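Enquirer: The following block contains the structure, expressed as C-alpha cells.
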Amino acid sequence: MSNPPLKRHPLRSASTFSNMSRRLRIGLVAGLGLLAAGCAQDAPQDTWDPAGPNAQMIHNLQWPVFAIAGVVGVIVLTFIAIIIVKFRDRGQAIPEQTHGKPALEIGLTILPALILIGVAIPTVGTLMALNETDDTECIVNVTGQQWWWEIDYAQQDGCGGVSEPIVTSGQMIIPINTPVLVRGTSRDVIHSWWIPRLNGKKDMVPGRVHTVRLEADEPGIYAGQCTEFCGLSHANMRMEVIALTAEDFETWKAQQLAPYEAPIGDDTLAATGEATFVAQCSRCHQVNGLEDADGQPVIARPDLQVYSGAAPNLSYFMTRNTFAGATFDLLNNECRDDVWDSDPATFGEKYLAGVSEDCLNSVDLREWLRNAPAKKPMYTDPAELAETDGLVRGMPNLALSEDQIDELVAYLLERK
Amino acid sequence: MFTTGSKLLIGASVLAAISAIAYGVAQDGVMGTVGLASAALALAFLAGVNIYTRDSNIWDDEISSVETAPAAARPPANSIWPMAFALGAAVLTVGLVTYQAVFVVGVVVLLAAGAEWTAEAWAERASADAGYNAEVRSRIANPLEFPLAAAIGIGIIVYSFSRIMLWLSKTNTVIAFAVLGVIIITVAFLIAYRPGLKSKAAVGAIAVGVLALVAGGAAAGLDGEREIKEHETTEGLTEEGEEICLSPEEFEADEKASQSVAASANVAAEITLTESGSFELDVVGPLTEGSEAITLPRSNPNNVIFINESDEERRLSVDLTVPPTDAAEDEGPLLKCTTLVEPGGRQNITLTIGAPSFAAPDGYFFFVPGVESARLELIVP
C-alpha cells in the first residue's frame with residue numbers, strides 16, 4: 001500500500017515579502033508609511049490635539065463620528081469580503097432568483113437613517129455653538145491676499161482695550177483664555193483661514209466678512225496655513241497664532257504702539273538703511289512714524305503698486321518671528337527652537353524678546369531682499385502683468401546691491 | 001474615370017487654387033498665396049493617387065470588382081451634406097482672410113456637415129434594406145441632432161426677442177409683448193380645444209409666427225438699440241458729485257433711489273442717524289457700543305449700511321481726500337456718499353480706501369450734510 005502524495009505547502013520564511021507581487025509590496029509599504037505618519041511627534045497642525053475650547057468641541061464631535069463611521073465601514077467591508085469569498089464562481093448552479101424582501105429593505109433604510117440622525121444632532125449643535133459670537137471679548141481682523149495674511153486690531157474696548165489700531169502680519173497675537181472673534185475677508189481671491197489646534201477652517205472671501213472664534217488654553221505658538229488654493233504660492237501662505245498671558249499681551253500691545261525711534265546717528269548702517277528704506281521700500285511698506293528728509297510723514301501706497309492693494313506693515317517687524325507670509329523664520333534654528341520648545345511659563349518672555357542680531361536668520365532675510373521671487377514664487381515679472389494693469393502680486397526683485405541689503409537688514413533689526 | 005474619393009480631393013484642390021488666387025489679388029500677400037497654392041498642389045496629388053488606386057487598390061482591369069464594391073453602390077437618394085461640407089470649407093477659408101466670426105461659422109458648418117455626411121454614408125451601407133438603414137441613421141444621429149437643433153432654434157428665437165425688446169421703447173415693449181402673449185395663448189387654446197384643427201394649419205401658424213419674430217429681430221438688430229439713458233449716481237464723483245455729497249438737497253441721482261438693502265449679511269458696519277441727530281455704530285462683533293470711531297481695513301471693499309432714523313431725508317457722506325505724496329500724485333478731492341435716504345430707509349455704500357487715515361491732515365470722517373452733530377471718525381490703519 002502506497003502512501004498518499006504529500007500536499008506541498010509553500011515555505012513560510014523571510015522570503016515571503018520578496019515573493020509578493022510588486023504592487024502588493026508597494027501598497028504594503030505605503031500603508032505602513034501612512035500608519036507611521038500618525039505617530040508624528042512634531043506635528044503642529046494636528047486636529048487631534050486640540051488646544052482650546054472651540055477645537056475641543058470639534059474634537060468631541062469628530063472622534064465618536066469617526067468611531068461610528070469606522071464600525072459601519074468594518075461591518076460593511078466584512079460582509080462584502082464574506083460574500084465575495086463564499087459566493088464566488090466555482091461552477092455551481094445559479095441560486096434561485098428572488099425579488100423584494102420588505103422587512104430587510106425597510107430595516108436597512110431605517111437603520112442608516114437613525115445613525116445619520118444620531119450623528120446630525122450633535123453635529124448641528126456643535127456648528128451652532130461654534131458660530132456664536134456674542135461671548136467674544138476681543139476682535140481681530142484678518143485679511144488674506146496673495147500670499148500672506150494681514151492681521152489688524154481695530155480701536156476697541158475689547159482685547160483689554162486698543163487705543164489705536166495695530167497692524168501686523170503673519171502672526172496673530174491673542175490673550176489666552178479669551179474668546180477672540182476673528183473677522184476675516186480677502187483682498188483678491190478666496191483664501192481659507194485654518195489654525196487646526198484652535199478651530200476649524202473658514203473661507204475668507206473678497207467682499208464678505210466671515211467670522212470665526214479662536215481661544216487658546218495655554219501660551220504657545222499654534223501653526224496654520226491657507227487651505228483654499230489661491231494661486232502660485234498657496235503652499236507658502238502660512239500663519240501662526242501666538243497665545244500670550246494677559247500680562248504679556250498687554251506688553252505686546254505696548255510694543256506695537258510705541259512711537260517710532262529713528263536710528264541714532266547719521267552715518268550708522270541703520271541710519272543709511274532708513275534712507276534706503278524710504279527710497280526702495282516705502283512705496284509699499286508702511287513704517288508708522290517714519291519721516292522723509294523734509295520731515296514729512298512717509299505714506300506707503302501699496303494700492304498703486306500691488307494688485308491686492310496691500311503690503312505688510314513693517315513698523316515692528318522684528319517683534320514677530322516670521323516673514324514673507326510666515327513662510328520663513330526670522331529667528332535662526334537655535335533661537336526658533338528655544339521659543340517653540342519653551343514651556344508655557346517662559347514662552348511669553350522669550351517671544352516678546354523679539355529678534356536680536358544674534359538670533360536673526362540673516363541667510364533667508366538677505367536672500368529675500370536679494371531676489372524675493374526666487375525665494376518664493378510670485379507674479380512679479382513685468383512682462384506678465386498685463387492682466388493686472390502692471391500691478392505685481394507679491395514682492396518684486398528690487399535689484400538691491402549687497403551694500404543696500406546690509407543697510408536694510410541693520411535698519412530692520414531696529415524695528416521693534 | 002473619377003472615383004468617389006477623388007471627387008472630394010479634386011474639389012478641394014480647385015477650391016484651394018481659387019482661394020490662392022483670390023487671396024493673392026485681394027490681400028497682396030505672398031505667404032498666404034504660397035500656402036494655399038501648396039495645399040492645392042498637395043490635394044491634386046492625393047486626388048491623382050486616389051484615381052490611380054481606384055480608392056481601394058482595385059485595378060482598372062477588375063471592372064467587375066469595381067462595379068460590385070460597396071463604394072460603387074448607388075446611394076438611395078442625393079445627399080445635401082457634401083455641398084454643405086464644401087460650403088463650410090469655403091466659409092472657413094473666407095473667414096481666414098476676413099473676420100474671426102466667419103471662420104468660426106465655417107468650422108461649425110464644416111464639423112456639422114462632416115458628422116452628418118459620415119453618419120449618412122455609414123448608415124447607407126449598413127444593410128441592403130433602405131428602410132432599416134434610415135432607422136439606423138436616426139438612432140445614431142437623432143440624439144445629437146434634436147437637442148442641438150432645439151438649442152440653436154431657441155437661441156435664435158431668444159436673441160431675436162431680445163433685439164426687438166431693445167429696439168422698442170420701454171412703453172412699446174410692454175404693449176408689444178402683451179399683445180404677443182395674448183396671441184400665443186390664443187393659438188395654444190385653439191390647438192388644445194379644437195381637435196378638428198388641421199395640424200398643418202397649426203404648424204403653419206407657428207412657423208409664420210417664428211419667422212415674423214426672427215425677421216423682426218434681424219431688422220431690429222440692424223437698426224440698433226434704443227437710446228438708453230444712464231442715470232447719474234454718486235459713484236465716480238466729479239465736481240457735481242462733490243456738490244451732491246456736501247448737500248442735503250435732492251439731485252437727479254437721488255430720484256427713485258433704493259431705500260432698502262438686500263445684502264445686509266456682509267456689512268463691515270451699520271451707521272444709524274438717530275432722531276437726535278447723532279450717530280449710532282454697530283459693527284460685526286459685540287464691542288462697539290458707544291464707539292466714537294470706526295476702523296475699516298485698507299484697500300478692501302467695505303460695505304457700510306446707512307440707516308436714517310431721523311425725520312428728514314438724509315445722506316451719509318465721507319471725505320477721503322489725501323494730499324499728494326512721493327508715492328502718489330495729487331488725486332484731487334475725493335468725496336463719497338449715499339443717495340438721499342428716506343426716514344426709516346437704509347442704503348449701502350462700498351468704500352475701498354487706498355491711503356491710511358493718518359495721510360489726511362484731519363483724518364477721515366463720516367458726516368451727514370445739514371446735520372452738524374453727526375460726525376464719526378473713520379480710522380484706516
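Enquirer: Let's test the formula: R0 of 60 Å, r as the Cβ-Cβ distance of B:E145 and A:I121. What FRET efficiency results, to the nearest 0.05?
Expert: Numbers: r = 52 Å, r/R0 = 0.87.
Efficiency, rounded to the nearest 0.05: 0.70.
Enquirer: A further question follows. Using alpha carbon coordinates only, what is the Rg to Rh ratio of the stretch A:14-101, with Rh defined as the Kirkwood radius? Display every interim value, and only then the final one.
Expert: Numbers: Rg = 21.2 Å, Rh = 18.1 Å.
Rg divided by Rh gives 1.17.
Enquirer: Which of the GluC sites (Glu not before Pro) across the stretch A:99-202 are loop residues per DSSP, with 16 or fewer other Cβ within 10 Å? Each step should come with its number before you reach the end.
Expert: Numbers: sites: A:E105, A:E132, A:E137, A:E150; in loops: A:E132, A:E137.
Loop-located and lightly packed - A:E132.
Enquirer: Could you work out the local net charge near B:S6, counting Lys and Arg as +1, Asp and Glu as -1, over the other residues with Cβ closer than 12 Å to its Cβ?
Expert: On the way: positive: B:K7, B:R54; negative: B:D55.
Overall, the nearby charge balance is +1.
Enquirer: Could you pull out every residue, at least 5 positions away or on a different chain, whose amide H is within less than 5 Å of the one on A:M204? Hs are placed 1.01 Å off N in the peptide plane, and Pro or chain starts have none.
Expert: Result for A:M204 returns A:H191, A:S192, A:W193.
Enquirer: Let me ask something else. Tell me the volume per residue, in Å³, of the convex hull enclosing the alpha carbons of the stretch A:81-176. Working shown, then result.
Expert: On the way: hull volume 24.0 nm³, N = 96.
It comes to 250 Å³ per residue, whole-number rounded.
Enquirer: Here is a follow-up. Of the residues A:I84, A:I117, A:I195, which exhibits the maximal mean-square fluctuation in a Gaussian network model of chain A defined by a 10 Å Cα contact cut-off?
Expert: Most flexible of the set in this elastic network: A:I84.
Enquirer: I would also like to ask the following. Of A:L352, A:L331, A:P382, whose Cα points farthest to the positive end of the dipole of the stretch A:269-413 (charges on the beta-carbon: +1 Lys, Arg; -1 Asp, Glu; origin at the Cα centre)?
Expert: Value: A:P382.
Enquirer: Related question: Can you spot the aspartates and glutamates whose alpha carbon is less than 18 Å from B:K256's alpha carbon? Ignore those fewer than 8 places along the same chain.
Expert: B:E230, B:E232, B:E235, B:E312, B:E313, B:E342
Enquirer: Quick one: which residues, 5+ away or cross-chain, put their amide H under 5 Å from the amide H of A:I173? H built at 1.01 Å from N.
Expert: Hits under the 5 Å cutoff: A:I242.
Enquirer: To the nearest 500 deg cm²/dmol, what mean residue ellipticity at 222 nm is calculated for chain B from DSSP H runs of n ≥ 4 alone, each contributing -39,500 (n - 2.57), summed and divided by the residues? Intermediate values should be presented prior to the final figure.
Expert: Values: 9 runs with 191 residues, N = 381.
Mean residue ellipticity at 222 nm (helix-derived): -17500 deg cm²/dmol.
Enquirer: Now for a different question. Taking just the alpha carbons, could you work out the radius of gyration and Dmax for chain A, both in angstroms?
Expert: For chain A, the Cα radius of gyration and maximum Cα-Cα distance read 28.9, 118 Å.
Enquirer: What's log10 of I(q)/I(0) for the stretch A:140-216 at q = 0.21, 0.27 Å⁻¹, Debye sum over Cα points only, no solvent?
Expert: -0.95, -1.41
Enquirer: Modelling each spin label as a point 7 Å along the Cα-to-Cβ direction, I'd like the B:S138/B:E250 distance in nm, to one decimal.
Expert: My value for the distance between the label points is 6.7 nm.
Enquirer: With charges set only on the Cβ (+1 for Lys and Arg, -1 for Asp and Glu), what does the dipole of the stretch A:269-413 come to about its Cα centre, in debye to the nearest 20? It would help to have the intermediate numbers written out before the result.
Expert: Numbers: 10 positive and 24 negative charges, 84 e Å.
With Lys and Arg at +1 and Asp and Glu at -1, about 400 debye.
Enquirer: Could I ask something else about it? Longest exposed-loop-site-free stretch of chain B, with trypsin sites (Lys or Arg not before Pro), DSSP loop and at most 16 other Cβ within 10 Å?
Expert: In chain B, the maximal stretch lacking such sites is B:257-381.
Enquirer: Assuming R0 = 51 Å, what is the FRET efficiency of A:A36 and A:E357, from their Cβ-Cβ distance, to the nearest 0.05? Kindly include the intermediate steps, with their values, before the conclusion.
Expert: Working: r = 40 Å, r/R0 = 0.79.
Calculated value: 0.80.
Enquirer: Roughly how many nanometres apart are two label points built 7 Å out from the Cα toward the Cβ at B:I157 and A:A67?
Expert: Using points 7 Å along Cα→Cβ, the separation is 6.1 nm.
Enquirer: FRET efficiency for A:E164 and A:A113, Cβ-Cβ distance as r, R0 = 56 Å, nearest 0.05? Kindly include the intermediate steps, with their values, before the conclusion.
Expert: Details: r = 56 Å, r/R0 = 1.00.
The value I calculate is 0.50.
Enquirer: Using Cα pairs under 8 angstrom and six or more residues apart, how large is the relative contact order of chain A, in percent? Don't skip to the answer; put the middle values down first.
Expert: Numbers: 682 pairs, mean separation 57.4, N = 416.
Relative contact order, chain A: 14 percent.
Enquirer: Please rank A:V392, B:V94, A:V180, A:V72, fewest neighbouring Cβ atoms within 10 Å first, as an exposure proxy. Don't skip to the answer; put the middle values down first.
Expert: On the way: A:V392 22, B:V94 17, A:V180 26, A:V72 13.
Placing the least packed residue first, the sequence is A:V72, B:V94, A:V392, A:V180.
Enquirer: Where in chain B is the longest stretch that carries no chymotrypsin sites (Phe, Trp or Tyr not before Pro) classed as loop by DSSP and with at most 13 other Cβ atoms within 10 Å? Mind showing how you got there, number by number?
Expert: Working: sites that count: B:F2, B:W59, B:Y99.
Within chain B, the longest run free of exposed chymotrypsin sites (Phe, Trp or Tyr not before Pro) spans B:100-381.
Enquirer: Please give the calculated 222 nm ellipticity per residue for chain A, where each DSSP H segment of at least 4 residues contributes -39500 (n - 2.57) and the sum is spread over every residue; nearest 500 deg cm²/dmol?
Expert: Result for chain A: -11500 deg cm²/dmol, rounded to the nearest 500.
Enquirer: Checking the table B:K170/B:K198; A:K375/B:K336; A:K202/A:K253 against a 32 Å threshold on Cα-Cα, which pairs fail? Write out the running numbers ahead of the final one.
Expert: Working: B:K170/B:K198 38 Å; A:K375/B:K336 41 Å; A:K202/A:K253 26 Å.
Among B:K170/B:K198; A:K375/B:K336; A:K202/A:K253, the Cα-Cα distance tops 32 Å for B:K170/B:K198; A:K375/B:K336.
Enquirer: Using a 10 Å cut-off on Cβ to Cβ distances, tally the other chain neighbours for every residue of B:296-307 and report the average as a whole number.
Expert: On the way: counts 4, 14, 12, 13, 15, 5, 3, 3, 0, 0, 0, 0.
Per residue, the average neighbour count from other chains is 6.
Enquirer: Lysines near A:K101 by alpha-carbon distance under 24 Å, same-chain residues fewer than 8 away left out - which ones?
Expert: A:K86
Enquirer: Still on this structure, please answer the following. Given an 8 Å cut-off on Cα distances and at least 6 residues of separation, report the relative contact order of chain B as a percent.
Expert: On the way: 512 pairs, mean separation 39.2, N = 381.
Once divided by the residue count of chain B, the mean separation gives 10 percent.
Enquirer: Taking the simple approach of a point 7 Å from Cα along Cα-to-Cβ for both A:I190 and A:A374, what is their distance in nm?
Expert: Going from the A:I190 label point to the A:A374 one covers 3.7 nm.
Enquirer: Most mobile of A:I106, A:I405, A:I68 per a Gaussian network model of chain A (Cα springs, under 10 Å)?
Expert: Of the options given, A:I106 has the highest mean-square fluctuation.
Enquirer: Pick from A:V182, A:V298, A:V142 the residue whose mean-square fluctuation is largest in a GNM of chain A, springs joining Cα atoms under 10 Å.
Expert: Per the Cα network of chain A with a 10 Å cutoff, A:V298 tops the list.
Enquirer: Suppose every K and R has +1 on its Cβ and every D and E has -1 on its Cβ; what is the size of the dipole of the stretch A:138-245 about the Cα centre, in Debye to the nearest 20? Don't skip to the end; give the middle numbers.
Expert: Working: 8 positive and 11 negative charges, 62 e Å.
Magnitude of the dipole: close to 300 debye.
Enquirer: Are there cysteines in the protein assembly as shown with no other Cys C-beta under 4.7 Å, and if so, which?
Expert: When partners are defined as cysteine Cβ atoms under 4.7 Å apart, the protein assembly as shown leaves A:C39, A:C226, A:C230, A:C281, A:C284 without one.
Enquirer: How large is ³J(HN,Hα), in whole Hz, for each residue of the stretch B:186-194 in order, when computed from phi with the Karplus curve 6.51 cos²θ - 1.76 cosθ + 1.60 and θ = phi - 60°, using x for Gly and Pro?
Expert: Running phi through 6.51 cos²θ - 1.76 cosθ + 1.60 with θ = phi - 60° gives 5, 4, 4, 4, 4, 5, 6, 10, 10 Hz.
Enquirer: With θ set to phi - 60° and the Karplus curve 6.51 cos²θ - 1.76 cosθ + 1.60, what are the ³J(HN,Hα) couplings of the stretch A:284-299 in order, to the nearest whole Hz, using x for Gly and Pro?
Expert: Whole-Hz 3J(HN,Hα) from phi for the stretch A:284-299: 10, 9, 7, 10, 4, x, 5, 10, 7, 4, 8, x, 8, x, 8, 9.
Enquirer: Just the Cα atoms of the stretch A:130-185, one point each, no solvent: what log10 I(q)/I(0) does Debye give at q = 0.19 Å⁻¹?
Expert: -0.66
Enquirer: Restricted to Cα positions, what overall size does chain B have along the principal axes? Three whole-Å values, descending.
Expert: 108, 69, 43
Enquirer: What Rg and what Dmax come out for the protein assembly as shown when only alpha-carbon atoms are used, in angstroms?
Expert: Radius of gyration, then largest Cα-Cα span, for the protein assembly as shown: 37.9, 123 Å.
Enquirer: Rg(Cα) of the stretch A:208-319 divided by 2.2 N^0.38 Å? Write down the numbers at each step before the final one.
Expert: Working: Rg = 17.7 Å, N = 112, 2.2 N^0.38 = 13.2 Å.
Here the Cα radius of gyration is 1.34 times the empirical estimate.
Enquirer: Whose amide H sits under 5 Å from the amide H of A:S315, counting only residues 5 or more places off or on another chain, with H placed in the peptide plane?
Expert: Amide H neighbours of A:S315, under 5 Å, 5+ apart: A:N288.
Enquirer: Considering just Cα atoms, how many Å³ per residue does the convex hull of the stretch A:269-413 enclose? Please list the in-between numbers first.
Expert: Numbers: hull volume 17.8 nm³, N = 145.
Output value, Cα hull per residue: 123 Å³.
Enquirer: Another question, then. Take every Cα pair under 8 Å in the stretch A:269-413 that's 6+ residues apart, average their separations, divide by the length, and report that relative contact order as a whole percent. Show your work: numbers first, answer last.
Expert: Details: 199 pairs, mean separation 43.5, N = 145.
Dividing the mean separation by the residue count of the stretch A:269-413 yields 30 percent.
Enquirer: Another question, then. Per residue of the stretch B:302-318, what does 6.51 cos²θ - 1.76 cosθ + 1.60 with θ = phi - 60° give for ³J(HN,Hα)? Whole Hz please, x for Gly and Pro, Karplus curve as stated.
Expert: Couplings: 10, 8, 10, 9, 9, 10, 9, 9, 7, 8, 10, 5, 9, 10, 9, 10, 9 Hz.
Enquirer: Exposed loop sites here are chymotrypsin sites (Phe, Trp or Tyr not before Pro) in DSSP loop states with at most 14 other C-beta atoms within 10 Å. What is the longest stretch of chain A lacking them? Could the numbers behind the result be given before it?
Expert: Numbers: sites that count: A:W48, A:F87, A:F229, A:Y260.
Value returned for the longest uninterrupted segment is A:261-416.
Enquirer: How large is the dipole of the protein assembly as shown about the Cα centre if only Lys and Arg carry +1 and Asp and Glu carry -1, each at its Cβ, rounded to the nearest 20 debye? Walk me through the intermediate numbers first.
Expert: Values: 51 positive and 98 negative charges, 1377 e Å.
Roughly 6620 debye for the protein assembly as shown.
Values in this text are rule-based calculations from the coordinates and carry no lab data. The shown structure was predicted, so the numbers you read here are calculated from the model rather than taken from an experiment. Virtual Cβ from ideal backbone geometry, glycine too; neighbours counted across all protein chains shown.
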